[in-house]
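What follows is a short report on a single structure.
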Amino acid sequence: TTLYLMRHGFVDNPNNLFYGREFSLSERGKEQIRLLAQDMAQAGVKPQCMFASPFLRTRQTADIAAKILGVSCIEMDERLREWDVGSWFNRPIAEFYEATDIELIRHRMWYDGHFSNHLLQRFAYLSLIHISEPTRLRRIS
């Protein structure tokens with residue numbers, strides 16, 4: 001079995017907010033996913049199923065890629081969301097840091113305005129654990 005991991009496309013966030021559930025892909029983000037899915041299709045990648053968190057940007061990413069790759073199985077799974085910051089969704093990230101004094105670990109989360117490699121690796125690891133549960137594998141076999 002081969003597993004491909006795809007992060008959602010670019011989201012405009014000029015106010016530097018914690019992305020809420022309904023942050024949409026920008027046109028740039030949609031084009032990024034189209035190009036990536038086209039490259040995958042040209043390389044002969046044919047997924048059996050796609051998994052995404054229920055966030056709008058990940059649903060849009062899965063929908064765009066699935067159409068290009070000819071995938072009919074898309075499953076939304078709450079466990080694949082990056083994190084749940086509760087009432088901090090759609091609020092300025094700077095306020096979160098001020099209120100929580102989390103600056104000490106900030107370097108492990110962000111690099112140049114983007115998620116750090118450490119955090120992306122953590123997301124990938126947790127996603128693999130959730131998707132590879134025996135009950136999940138029986139459902140898609």
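The values are calculated or read from the model by the stated rules, or taken from the named source; none is laboratory data. Not measured: the values here are computed from a predicted model. Reconstructed Cβ throughout: ideal geometry from the backbone, glycine too, with neighbour counts over all protein chains shown. Side chains included, ligands, DNA and RNA excluded: accessible areas come from the protein's heavy atoms. Shrake-Rupley method; radii C 1.70, N 1.55, O 1.52, S 1.80 Å.
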Matching residues, the stretch 1-23, being more than 26 Å from Lys46 (Cβ to Cβ), exposed (fewer than 14 other Cβ atoms within 10 Å of the Cβ) and in contact with a helix residue (DSSP H, G or I) (Cβ under 6 Å, 6 or more places away or on another chain): Asn16, Glu22
For Arg79: the one exception among (1) closer than 20 Å to Ala124 by Cα; (2) out of contact with any helix residue (DSSP H, G or I) (no Cβ under 7 Å at 6 or more places or on another chain): (2)
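Given Gln32, Gln48, which one is touching a residue at least 60 places away in the same chain (Cβ under 8 Å), closer than 22 Å to Ala124 by Cα and not hydrophobic (A, V, I, L, M, F, W, C)?
Residue meeting the stated conditions: Gln48.
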Boolean, Phe115 is of a type outside the set (Asp, Glu), surrounded by 14 or more Cβ atoms within 10 Å (Cβ to Cβ), out of contact with any Asp or Glu (no Cβ under 8 Å at 6 or more places or on another chain) and at pLDDT below 65: yes
Which numbered condition Val45 misses (of (1) at pLDDT 85 or above; (2) in a helix (DSSP H, G or I); (3) of a type in the set (Val, Ile, Thr)): (2)
Residue selected from the stretch 55-94 under the condition open to solvent by less than 40 Å² (accessible area, probe 1.4 Å) and among the polar types (S, T, N, Q), by the criterion nearest to the chain's Cα centre (by Cα): Thr58
